[in-house]
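Contents: one structure, followed by commentary.
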Amino acid sequence: MRPTHLDHTDTLELPVTGDGPFNALHTFWKPSHYLTGLEAHTETRSWRTFRVDDLVVGVRLLAEDRTVIADVYTDGDYKPAHRDHLIRRLIASYGLDENLAEFTELAAGVPQMRDVLRALSGMRQSCPEDHFEIAVIALLLQNVTIHRTTQMTRNLLVHHGRLVHFDGITLRAWFTPTEIAQVTPETLKEQDRLGFRAKSLPHYAAFFREHTTEDLQAADDLGEAVQQIKGVGPYTAAVIASHASRDPAAFGIDVWNRKILARRILDADDAAPEAVTRRLNQLFPGRAGTAGLYFVEHEYLNAPVAPLLDPDGIDAWNEALERPTP
DNA sequence: AGCCAGGTAATCC
DNA sequence: GGATTACATGGC
């Protein structure tokens, strides 16, 4: 599979305007995130793809103190509107304008959060995915092991996404709702191995083709709105709200983070989801989502799901993505 | 073999 | 309403 070459078209300097500390590495790279091929990280740099309208965009990110330098690579006509859109997208994706001081002060007073804060202070939630893309991620997480989620994600991106090369790195890029809407449920089931999700994905595509991120940001009750989609329940709705809409109070609880949080805040191997949520809200009023993020990332800090790339390993990374899949 | 994964919807009482 | 149960798939 030969990647599309993206040309360098822009450099953006984005100041971190939100208050509180800023930790660039852990804002860009999350130790708990599974491997998608949509992004790659070394200690000092990150690469990520975005779909901006129909444009495929590659971004190389690095931080100098409290300024994020984003080098932009594109495959087509990069217009001022694309630039504006991308600037807003990057600021929102990494929470550069979000205030973290209040959470950090709150967390400093919670004993269970002490070590976590020492390791991760300044981490902001990362969600380079838009509403549609994060909904698809959440769909692929439903009732399967992370191994199968990774497998289904790879199938979808290899068969229906893009492969691009820029700044020396090869990455995959998302399909748009319109693009995936062309694919039949039979293909999604038989070729992409989505199981019962094959019936849901077309509903997701139809909904998010009608309702853009801009529309949804204005939604009265986003959770209620997206639960109209077949295959979106409380968990997926909370993931969308907490990640794409960055609601610091929203927290999508599942059997995975439930066990992590039970140990961290209830001193138990497991607990009822209501008990976990209640305690999390009690300790971090209005900031349950942020607190959950910190606990979960800390859990994986010493054994990341997708470890940082060694700069010498980039050729091997590129070859792995460009190799035809069996 | 059978159970269970980073859930959801349909179908019970 | 709240408690089952089927839903696809694949790994252990």
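Could you derive backbone 3J(HN,Hα) for the range A:241-257 from the dihedral phi with the Karplus parameters 6.51, -1.76 and 1.60 (θ = phi - 60°), listing whole Hz in sequence and x where the residue is Gly or Pro?
5, 6, 8, 5, 9, 6, 7, x, 8, 7, 9, x, 8, 9, 5, 6, 6
Which residues' amide hydrogens lie under 5 Å from the amide hydrogen of A:Gln125, considering only partners 5 or more residues apart or on another chain, with H built in the peptide plane?
none
Report, please, the projected area of chain A averaged over directions, based on the convex hull of its C-alpha atoms, in nm².
16.0 nm²
Could you go through the range A:281-296 in sequence order and give the Karplus-derived ³J(HN,Hα) for each residue, using 6.51 cos²θ - 1.76 cosθ + 1.60 with θ = phi - 60°, rounded to whole Hz, and x for Gly and Pro?
Values, residue by residue: 5, 5, 6, 10, x, x, 9, 4, x, 5, 4, x, 4, 5, 5, 5 Hz.
Return the sequence-ordered ³J(HN,Hα) values of the range A:34-47 in whole Hz as given by the Karplus equation 6.51 cos²θ - 1.76 cosθ + 1.60 applied to θ = phi - 60°, using x for Gly and Pro.
In residue order, the calculated couplings are 7, 6, 10, x, 7, 8, 9, 9, 10, 4, 10, 9, 9, 10 Hz.
So how compact is the range A:54-196: Cα radius of gyration and Dmax in angstrom?
Every Cα atom of the range A:54-196 included, Rg and Dmax give 18.6, 53 Å.
What is the spin-label model distance, in nm, from A:Arg66 to A:Ile146 if the labels are put 7 Å beyond Cα along the C-beta direction?
In this crude label model, A:Arg66 to A:Ile146 measures out at 3.3 nm.
In nm, to one decimal, how far is the A:Trp317 label point from the A:Lys259 one, both placed 7 Å along Cα→Cβ?
2.9 nm
Under 19 Å Cα to Cα from A:Lys199, which aspartates and glutamates show up? Leave out anything in the same chain fewer than 8 places away.
Excluding near neighbours in sequence, the set is A:Glu133, A:Glu179, A:Glu186, A:Glu190, A:Glu210.
So between A:Lys79 and A:Thr212, what do we pick up on full extension, going 0.36 nm a residue minus the alpha carbon distance?
Numbers: separation 133, 0.36 × 133 = 47.88 nm, distance 1.96 nm.
This chain segment gains 45.9 nm when fully extended.
Take the alpha-carbon positions of the range A:131-300, form their convex hull, and give its projected area averaged over all directions (one quarter of the hull surface) in nm².
Working: hull surface 44.1 nm².
Directional mean of the projected Cα hull area for the range A:131-300 stands at 11.0 nm².
Let me test this: with uniform point scatterers at the alpha carbons of the range A:185-274, what is the Debye-based log₁₀ I(q)/I(0) at q = 0.12, 0.16, 0.18, 0.23 1/Å?
Per q value, in the given order, log10 I(q)/I(0) is -0.50, -0.78, -0.90, -1.09.
By how many nm would the segment from A:Ala119 to A:Glu105 grow when fully extended, if each residue of separation counts as 0.36 nm and the alpha-carbon distance is taken off? Could you put the intermediate results ahead of the total?
Details: separation 14, 0.36 × 14 = 5.04 nm, distance 1.50 nm.
Here the segment from A:Ala119 to A:Glu105 would lengthen by 3.5 nm.
Please compute the modelled spin-label separation between A:Leu308 and A:Lys230, points set 7 Å along Cα→Cβ, answer in nm with one decimal.
The answer from the label model is 4.6 nm.
Multiply the residue gap between A:Ala219 and A:Asn23 by 0.36 nm, knock off their C-alpha separation, and tell me the result in nm, one decimal place. Could you put the intermediate results ahead of the total?
Details: separation 196, 0.36 × 196 = 70.56 nm, distance 3.09 nm.
Going from the current span to full extension adds 67.5 nm.
Every number in this text was worked out from the coordinates using simple rules, so none of it is lab data. Here the structure is a predicted model, which is why all the values come from computation and not from measurement. Positions of Cβ are generated from backbone atoms using ideal geometry, with glycine treated the same way; all protein chains shown enter the neighbour counts.
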